Amino acid sequence: MTRPLQDRLGRLSGSDRLLIQTMSGIALIALVLGIAGGIGVALARAGWTDLIPESGYRLLTLHGVAVFFYWLYLAQGAILLALCAGESGDGLRSRGLAWLGLALMLGGMALSLGAISDGTPLLYNGTPELAVHELGRLALFNVGYVLLGLGLLALPLAGVATLLSSVRRAGSLSATGFALFAWAGFLGVTGFALIYVFAPGLFWALGWGGMPANHSTNWHIVFHNMHYLPLMATVIIWYVLMQDLLGVKSVFGARFSKLVFAAYLVFVPPTSLYHMFLEPDLPGAVRIAGSLLSLFVSVPTLTAFLIIVASIELHARSRGGRGLFGWIRMLPWHEPAMAAAGLAMVNMAFGITLAFVLIQADLAPLLSDTFFVPGYFHFFTVGTVSLSLLAALALILPALSGRGLALPRLVRFAPHLATLGLLAFGGAGVVAGYLGVPRRVIDAGYGGEAPALWSALMGWVAAGGVLMALALIAFALSVAATLLPLQARRAAPPPHWDAVVQPRPGTAALIGPLAVLVIVLGMYGATAAGFQIMRSLPIAAAGGGHAH
Amino acid sequence: MTDKPHFTTRRGFIAAAGFGGTALYGLWVGYGAAPGPLAVFGAPHGETAGGHAAPVDAQPSKADTLTPEAFEARVRDFVSRFGEADGSVRPQAGVPSQTAKSEAATHGSHGGHGAHGKQALETHAFEPALDAHAHRAAAAPIDVWLQAGQFFFEPAHLRLATDQPYRFRMMATDVSHGASIQFGAGGRMMRLRPNQLVETEITLQRPGEFLIYCTYYCGPAHDVMQARLSVTEGGAA
């Protein structure tokens, strides 16, 4: 038995391969650039390198722009196209649109990164009010994001055209095909949202309109979708990897999977209010409604996680897997893609646990704008999404080029090291956030007035961050090596479980539900800690609203 | 050996477990941070997690909105009234405000705004006297005017008393800022949007020296935007 996706990718035309490989290569460059910026910021915050704050903020801008916007979306674009082509088995349709999308995104990246090379660092959200005296630079910065948005409108159309062609031919749509449709649609929505948020600033900078006074509100909404929708891409990748790497299909059927993928449409957009809890003119009723709605933000991700883990566990137990955790050892951890995807699931548990602390409006005055925020979201952006995207590329690029990863025996440990680093970074960061250490400062010492513990925690953040960054770079370079002609050729191994074995009736799938239980207990602990700290503060405060 | 699927592998169980995160609602209700299930039937909402009443949001009123210039005038007046020799500011009750008095007089001479002028005079010009011993907890709040700008707080050093309510009236007068009062192990922050007057009533319960810093990135010197809060028992020097 061979790997269906890899076989199909291996049969793609040279033009399709060139497109996907080019896009993947640029995505990996964006990732490495962004990580370099992140390392600089982490070292500066710990006081391990002497940077003036302005340089630190410039590195922070580089970090956010390169990783959050260009790595995440170029990689998603490349993987979406590869999976659509793999699903179709007959190559990409409307390839010109995909090239146009890539060209727009590449142009956007050049402009966004060029615009941050001097002047006031704008951070990745490009607040217009900070660029009142640098309108030309703001225009360049915003044109970059608008081009990215246009690229995200054009590129997924090629994926949709490919899927439609496949549906016409096959007469049906698999669960993966359905998920890819939804993913393509979400990329388009993200593209539209980017244009909606950043075009007004561009028009203002060009003198064609007033200053966009509602930029921060619009940003919060687009930011929510930009950092939650990649989680959908992540679970789709897990779903595909489960089939191609392990030879396991969902035991719950394609229709159930389709429902879960469609649930992202229902649950993610209305749950964005919690990003605005500190806004002074947000009515109290909206804060309460925002908290309650946000309780549902994890529903599709947790359900997809349960489907995948239960399906794998049942297959493993049917092949002799024993014990509560023993079956996990049967998985092919020697494969870097498996290691990356497996650790991504672990990191997601931490991310969801901590994210739920922030959805409570009463905790916003304690935690918003503190290091709690980067502490938790790196579990998502790095530990979950980026590791999953790298896992997908570790499967797709060797299939396209016929060349293996560089140093696979070493690189398979990179996800473990990245997770270890992330635990130090995120753990210390979250504690720092509870204690009040601000995010988005380069020197949090405040001339010696800040507690000494803050500095120690930033040391842990830096040490963990550097380990995480180096591990991620190692994995990225190993994947990128498949694009080089000198790399040795290697045939893809067959799926781990290459014989069809039906799960035994009555077999339990325990790890998924247990993981959810642990996540919920973690949420209780982390949220209760926040409430207890709030109550222990020697202050009684009411209001915070917009007054007359 | 059974032919039936284990309950953990049924779609209904998986779908229900996917809603696991919503279980956090119970904790929120326990801490009074969310309305209980009976709230729809009119049951009262408890005390909030911060140990205080639910935030009261005063909706902006265009006619009463302070311009940044007027706000800065208030801050200058506040500093001049309560400024001390070391540059710190120690607000107290019962000290008349020249700005408020003159504004009240101005408004009073403009027919339709007379009522507002009178209210301003009552609220700000002659803040109610404080019976420090008998009625401190119930005392009327003393106004504290705090301006946030690139890259400063004005005043930069406040001296306040424990157990005395203060009404912090804050405004970011250029770009967005934030203000967090740090207590060493946790803090309380507020977001300040440009030219929006934000009001928060604060009572400090422990003496000490506390850091106030800007929480919202406001430019290259954001790191140095800080102030000091000195809190003493009963406002002792």
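Some notes on this structure:
- Residue A:414 vs. criteria within 14 Å of another protein chain (Cβ to nearest Cβ) and within 20 Å of residue A:347 (Cβ to Cβ): no
- Condition met for residue A:396 (more than 25 Å from residue A:343 (Cβ to Cβ) and in contact (Cβ under 8 Å) with a residue 24 or more places away in the chain): no
- Scanning the range A:150-161 for any residue that is within 14 Å of another protein chain (Cβ to nearest Cβ) and in contact (Cβ under 8 Å) with a residue 24 or more places away in the chain turns up nothing.
- Residue in the range A:169-176 that is under 30 Å from residue B:221 (Cβ atoms) and not aliphatic (A, V, I, L, M) present: no
- Scope the range A:352-374; condition within 9 Å of chain B (Cβ to nearest Cβ), more than 24 Å from residue B:19 (Cα to Cα) and not hydrophobic (A, V, I, L, M, F, W, C); matching residues: A:365, A:368, A:369, A:370
- Residue that is nearest to the other protein chains (Cβ to nearest Cβ), among those in the range A:247-261 that are closer than 13 Å to residue B:14 by Cα, assigned to a helix (DSSP H, G or I) and not hydroxyl-bearing (Ser, Thr, Tyr): A:256
- Condition check for residue B:227: among the aliphatic types (A, V, I, L, M), under 30 Å from residue A:117 (Cα atoms) and assigned to a strand (DSSP E or B): no
- When residues of the range A:339-362 are limited to those that are modelled with pLDDT of 95 or more and more than 18 Å from residue A:298 (Cα to Cα), the one farthest from the chain's Cα centre (by Cα): A:339
- If you go through the range B:5-25 and keep only what is in a helix (DSSP H, G or I), at the interface with another protein chain (Cβ under 7 Å from one of its Cβ atoms) and not polar (S, T, N, Q), you end up with B:11, B:14, B:15, B:17, B:20, B:21, B:23, B:24, B:25.
- Taken together, A:294, A:298, A:257 contain a single residue that is over 28 Å from residue A:216 (Cβ atoms), buried (at least 20 other Cβ atoms within 10 Å of the Cβ) and in contact with a helix residue (DSSP H, G or I) (Cβ under 6 Å, 6 or more places away or on another chain), which is A:257.
- If only residues of the range B:182-210 that are at the interface with another protein chain (Cβ under 7 Å from one of its Cβ atoms) and farther than 16 Å from residue B:168 by Cβ are counted, the one that is modelled with the lowest pLDDT is B:184.
- Number of the condition not met by residue A:482 [criteria: (1) out of contact with any strand residue (DSSP E or B) (no Cβ under 6 Å at 6 or more places or on another chain); (2) surrounded by 20 or more Cβ atoms within 10 Å (Cβ to Cβ)]: (1)
- Restricting attention to the range A:262-289 and to residues that are assigned to a helix (DSSP H, G or I) and of a type in the set (Gly, Ala, Ser), the residue that is surrounded by the fewest Cβ atoms within 10 Å (Cβ to Cβ) turns out to be A:285.
- Filter result for the condition that a residue is modelled with pLDDT of 95 or more, surrounded by fewer than 20 Cβ atoms within 10 Å (Cβ to Cβ) and in a helix (DSSP H, G or I), over A:515, A:471, A:528: A:528
- Odd one out for residue A:322 among (1) free of Cβ contacts under 8 Å to residues at least 40 places away in the same chain; (2) crowded, with 16+ Cβ neighbours inside 10 Å; (3) over 21 Å from residue A:369 (Cα atoms); (4) not hydroxyl-bearing (Ser, Thr, Tyr): (2)
- Hits in the range A:279-312 - residues which are at the interface with another protein chain (Cβ under 7 Å from one of its Cβ atoms), over 23 Å from the mean Cα position of the chain (by Cα) and not hydrophobic (A, V, I, L, M, F, W, C): A:279, A:280, A:281, A:283, A:284
The values are calculated or read from the model by the stated rules, or taken from the named source; none is laboratory data. All of these numbers come straight from a predicted model, not from anything done at the bench. Heads up, the Cβs are rebuilt from the backbone with ideal geometry, glycines too, and the neighbour counts pull from every protein chain shown.
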